[in-house]
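Scroll down for the structure; my scribbles are underneath it.
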Amino acid sequence: MTDLFGMTLSQLQQLCAAEGMPKFAAKQIADWLYAKRIDSIDAMTNLSLKARSRLAEIAYIGRHSPVQCQVSNDGTKKYLFEVPHTPGQYVETVYIPDGDRATLCVSCQMGCKMGCRFCVTGQQGFHGHLLTSDILNQIFSIPESQHLTNIVYMGMGEPMDNLDNILQSTEVLTSPWGLAWSPKRITVSSVGIIPQLRRFIEESGCHLAISLHNPFADERLQIMPMQKAYPIADVIALLKRYDWSGQRRISFEYTMFKGLNDTPRHAAELVRLLRGLPCRINLIRFHASPDTPFRTVATATMEQFRDNLLAHGITCTIRASRGEDIMAACGLLAGQQQAHGSSQES
Ligand code: SF4
């Protein structure tokens, strides 16, 4: 059986050709899936009965609702989705309303291979890639789906390690036959896997966010093992080869850890490293979680760090803390659910 949800127009055209259906049927199916958001082949009423019954024999629409939702005092919601093709695996999706904006943070993998030491997901290991349909399902199957203004690929997993499915999902989001969103409403994050990063920059128009967290190679290696294969200096050298002066933005995520990356020495090295690259740094408050040696930085220290960067001409903001009561750590809820499932099975 084929999952229709997540297929591109050209994939649907191939399917229709193989099944003897007219070429225009592919556009009609895409319209039902993405613009009209139906979840049953029966609902595709402008397809012939014969076409619908043949489709139902060979395909399905892989849409499914979240199994759990935690709601924060500030309106942030953390949804938990089961991954249908990998029993016992769950991923998290976070909905963040903010005035006129409503941002959804989606996951792209079950767990993660990157092993960042401060990240709960990274400590859980890797359990598989999400398919394009799994990624899009997080966007289409939450109650607030129609109100979203922005999507960030910053949940569980490393997007560049699942790049084919990331690019296919953003193609559905941005194509006229899909949701027809501007790519400027979408930001994809990465620790900086250079070959895939190069492909992403060249093939996608979406914004890019690099997880930086420490400008010194030896110190970054202590918290981010991928620094060894892809040093941040090489990542930034790659970025400097492209033009970022237009509408497409590059930003750097900088989670602050008390005593580890919050000093004027770190700010000065950031200034040196990023010189000549039009970009923004987002300073992120670390949410302390169980079993972590990392500690939260005082607000005053974060503000001094920000002001130091601003004084040297780097656009820098402190990202507002949202959903702190439910956000103890990305991946925690999915990890708990998996542990619960496996203890029930054993
Ligand atoms: Fe993976 Fe991101 Fe966690 Fe690093 S921070 S381990 S890249 S999910």
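The rows are residues; the columns are (1) touching a strand residue (DSSP E or B) at 6+ places or on another chain (Cβ under 8 Å); (2) loosely packed, with under 13 Cβ neighbours inside 10 Å.
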{"residue": "Leu238", "(1), (2)": "no, no"}
{"residue": "Trp244", "(1), (2)": "yes, no"}
{"residue": "Glu269", "(1), (2)": "no, no"}
{"residue": "Asp291", "(1), (2)": "no, yes"}
For the subset of the range 272-293 comprising residues that are in a strand (DSSP E or B) and charged (D, E, K, R), which member is modelled with the lowest pLDDT?
Arg285
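Taking Ile166 as the residue in question, decide whether it is in contact with a Pro (Cβ under 6 Å, 6 or more places away or on another chain) and surrounded by 18 or more Cβ atoms within 10 Å (Cβ to Cβ). Please lay out each step first, then the result.
Working: in contact with a Pro (Cβ under 6 Å, 6 or more places away or on another chain): yes; surrounded by 18 or more Cβ atoms within 10 Å (Cβ to Cβ): yes.
Answer is yes for this residue.
Quick test for you: out of Lys78, Lys113, pick the one residue that is closer than 29 Å to Pro225 by Cα, within 16 Å of the ligand (Cβ to nearest atom) and not in a strand (DSSP E or B).
Only one candidate passes the filter, namely Lys113.
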Thr121 passes all but one of (1) surrounded by fewer than 22 Cβ atoms within 10 Å (Cβ to Cβ); (2) over 27 Å from Thr8 (Cα atoms); which number fails?
(1)
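Determine if the range 165-187 includes at least one residue that is farther than 19 Å from Ile236 by Cβ, within 16 Å of the ligand (Cβ to nearest atom) and part of a helix (DSSP H, G or I).
yes
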Residue by residue through the range 92-104, note down the ones that are crowded, with 24+ Cβ neighbours inside 10 Å and either part of a loop (DSSP other than H, G, I, E, B) or within 12 Å of the ligand (Cβ to nearest atom) (or both).
Glu92
Evaluate the following for Ala56: is it surrounded by fewer than 17 Cβ atoms within 10 Å (Cβ to Cβ), of a type in the set (A, V, I, L, M) and part of a helix (DSSP H, G or I)?
yes
Conditions: (1) over 28 Å from the mean Cα position of the chain (by Cα); (2) at pLDDT 95 or above; (3) more than 21 Å from Ser133 (Cβ to Cβ). Leu15 meets all but one. Number of the miss?
(3)
Scope the range 207-225; condition within 14 Å of the ligand (Cβ to nearest atom) and either out of contact with any Lys or Arg (no Cβ under 9 Å at 6 or more places or on another chain) or farther than 15 Å from Ile193 by Cβ (or both); matching residues:
Ile210, Ser211, His213, Asn214, Arg220, Leu221, Gln222, Ile223
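Would you confirm, using the coordinates I've provided, whether Ser133 is crowded, with 22+ Cβ neighbours inside 10 Å, away from the ligand (no atom under 12 Å from the Cβ), under 24 Å from Ser40 (Cβ atoms) and of a type in the set (Ser, Thr, Tyr)? Don't jump to the end; show me each part of the working.
Working: crowded, with 22+ Cβ neighbours inside 10 Å: yes; away from the ligand (no atom under 12 Å from the Cβ): yes; under 24 Å from Ser40 (Cβ atoms): yes; of a type in the set (Ser, Thr, Tyr): yes.
Taking the combined requirement at face value, the residue satisfies it.
The values are calculated or read from the model by the stated rules, or taken from the named source; none is laboratory data. Because the structure is a prediction, the values reported are computed rather than measured. Heads up, the Cβs are rebuilt from the backbone with ideal geometry, glycines too, and the neighbour counts pull from every protein chain shown.
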